[in-house]
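Undergrad: The structure's right below; bear with me while I get my questions together.
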Amino acid sequence: MEKPFKILCIDGGGIKGIFSAQVLAEFEEAFETTTSEHFDLICGTSTGGIIALGVAGGIPMKEIVKFYENYGPEIFSQRWKIGKIGELFYTIKQALISSKYSDKSLKESLCKVFGTKKIVSSQNLLCIPAFNITTSKPRIFKRDYQHMNQDADKTFVEVALATSAAPTYFPIQEIDNVQYVDGGIYANNPVIVGLTEAVFNGYWIKPKGQRGNNDFDGVQILSISSCIVPKGDIAKKKSRSFVKWIATLFDAYGDGQSKSNSIFIEQIKSHLDFELEIERIENTPISPTQAKMISMDKADKTSLSLLKGIGSDVGNNYKNKNLVKRLYSEKKTIDPSNL
């Protein structure tokens, strides 16, 4: 592959995003750079969307790691949680009354990180999935280019809130009188979103017979999961209620979507008329003790430290991978401000 179109994709996963951010922070430290300098397109869903916006804003990933450390406990705060009774209270609240968390702390913390940045200032092409519940259609927020001209004035903060509005966890978000929830409903792993943007929407990869010498001749994708926690389950009661499902339902369909993406990509690779390279970064299996300390909204200092440590270990292991080294040793091709 002589001229690849380079895509970074970051999964959703709540507070587990600190793992993904730490992996990227290790790469930036190892290669003495910022991630924004090396990818043409940045895709991220939910917490991955927050990280993706950080990358596209040119923010060092160590600062995004600090965002999770400093604000995560407040974003996922359960002020009145006291033992089993407290857990039951929040479960009933989440199932029957309102979202488990307010978005007040999340919005305030995003404002501190992103300020008033708008999508037009993004240093990379962007794809940030959300789901439009007003029309019941997928919605992908993008850095404007060519025929894409509807998101330039949207702020990083409002797009971050829309992509991370996980049903039952955070309130529905509204932008221009349209309501949105978490993009993880259909694209928790946004690899297909990125590939579709490159080939069909952006036309960055032309059909083989139409390519000139200066056109992209392939796609390289770095795909980063949030920290994967084993999800094997057995139902003592098969007629499980919503209350019984609620703690694992969002993780279950996000994990299922991510895995189906990987299967689909492997099936179609040999049928494409361009070269496709993908490096999928996942953590090594964690212990049962560690699994009890990690979930999408467990944001105490111990859990955050564990996730950060796992991210450091994985980042240090993957920085020597061939595709990672090539991606971080070559600059991006596209400057969206010139499009």
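Undergrad: Just checking, does region 233-243 include any residue being at pLDDT 70 or above and in a helix (DSSP H, G or I)? Write out each step before concluding.
TA: So in region 233-243, the residues at pLDDT 70 or above come out as 238-239, 241.
Cutting the leftovers down to in a helix (DSSP H, G or I) gives us none.
No, region 233-243 contains no residue that is at pLDDT 70 or above and in a helix (DSSP H, G or I).
Undergrad: Of the numbered conditions (1) within 20 Å of the chain's Cα centre (by Cα); (2) within 18 Å of ILE42 (Cβ to Cβ), ALA165 fails exactly one; give the number of that condition.
TA: (2) is the only condition that ALA165 fails.
Undergrad: Can I ask one more? Do you know which residues across region 19-46 are assigned to a helix (DSSP H, G or I) and open to solvent by 10 Å² or more (accessible area, probe 1.4 Å)?
TA: Matches in region 19-46: GLN22, ALA25, GLU26, GLU28, GLU29, ALA30, PHE31, GLU37.
Undergrad: Within region 90-106, can you find the residues that are surrounded by 17 or more Cβ atoms within 10 Å (Cβ to Cβ) and of a type outside the set (Phe, Trp, Tyr)?
TA: The answer is GLN94, LYS100, ASP103, LEU106.
Undergrad: Look at THR248 and say whether it is modelled with pLDDT under 80, assigned to a helix (DSSP H, G or I) and hydroxyl-bearing (Ser, Thr, Tyr). Please lay out each step first, then the result.
TA: Values: modelled with pLDDT under 80: yes; assigned to a helix (DSSP H, G or I): yes; hydroxyl-bearing (Ser, Thr, Tyr): yes.
For THR248, the condition - modelled with pLDDT under 80, assigned to a helix (DSSP H, G or I) and hydroxyl-bearing (Ser, Thr, Tyr) - is met.
Undergrad: Which members of region 193-208 meet the condition of being more than 12 Å from ASP11 (Cα to Cα) and either of a type in the set (A, V, I, L, M, F, W, C) or in contact with a Pro (Cβ under 8 Å, 6 or more places away or on another chain) (or both)?
TA: Across region 193-208, the qualifying residues are LEU195, ALA198, VAL199, PHE200, TRP204, ILE205.
Undergrad: Filter region 304-339 down to the residues that are closer than 21 Å to ASN214 by Cβ and hydrophobic (A, V, I, L, M, F, W, C), then identify the one that is surrounded by the fewest Cβ atoms within 10 Å (Cβ to Cβ).
TA: That would be LEU339.
Undergrad: Spot the failing condition for LYS301; the list is (1) more than 20 Å from ILE192 (Cα to Cα); (2) surrounded by 14 or more Cβ atoms within 10 Å (Cβ to Cβ), and only one is missed.
TA: Of everything listed in (1) more than 20 Å from ILE192 (Cα to Cα); (2) surrounded by 14 or more Cβ atoms within 10 Å (Cβ to Cβ), LYS301 misses just condition (2).
Undergrad: Hey, can you tell me all the residues within region 270-289 that are touching a Ser or Thr at 6+ places or on another chain (Cβ under 8 Å) and in a loop (DSSP other than H, G, I, E, B)? Let's see the steps before the verdict.
TA: First pass over region 270-289, keeping only residues touching a Ser or Thr at 6+ places or on another chain (Cβ under 8 Å): 278-283.
Within region 270-289, GLU282, ASN283 meet the criteria.
Undergrad: Okay, moving on. Quick one: which residue in PHE76, PHE67, PHE31, PHE19 is modelled with pLDDT under 95 and aromatic (Phe, Trp, Tyr)?
TA: Numbers: PHE67 fails: modelled with pLDDT under 95; PHE31 fails: modelled with pLDDT under 95; PHE19 fails: modelled with pLDDT under 95.
When all the criteria are applied, what remains is PHE76.
Undergrad: Turning to a different aspect of this structure: Show me the strands (runs of 3 or more DSSP E) entirely contained within region 116-226 in which 2 or more residues are among the small types (Gly, Ala, Ser) and open to solvent by less than 60 Å² (accessible area, probe 1.4 Å).
TA: Numbers: elements: 125-132, 137-142, 173-175, 178-182, 218-224.
So the answer is 218-224.
Undergrad: Restricted to region 266-298, and to residues that are free of Cβ contacts under 8 Å to residues at least 12 places away in the same chain, under 30 Å from LYS206 (Cβ atoms) and among the charged types (D, E, K, R), which residue is least open to solvent (accessible area, probe 1.4 Å)?
TA: LYS269
Undergrad: When you go through (1) under 29 Å from GLN123 (Cα atoms); (2) assigned to a loop (DSSP other than H, G, I, E, B) one by one for VAL324, which number turns out not to apply?
TA: Tallying (1) under 29 Å from GLN123 (Cα atoms); (2) assigned to a loop (DSSP other than H, G, I, E, B), VAL324 fails exactly one: (2).
The values are calculated or read from the model by the stated rules, or taken from the named source; none is laboratory data. No experiment lies behind these values; they were computed from the predicted model shown. Here Cβ is always computed from backbone atoms with ideal geometry, including for glycine, and neighbour counts include all displayed protein chains. Note: areas computed on protein heavy atoms with side chains; ligands, DNA, RNA excluded. Shrake-Rupley method; radii C 1.70, N 1.55, O 1.52, S 1.80 Å.
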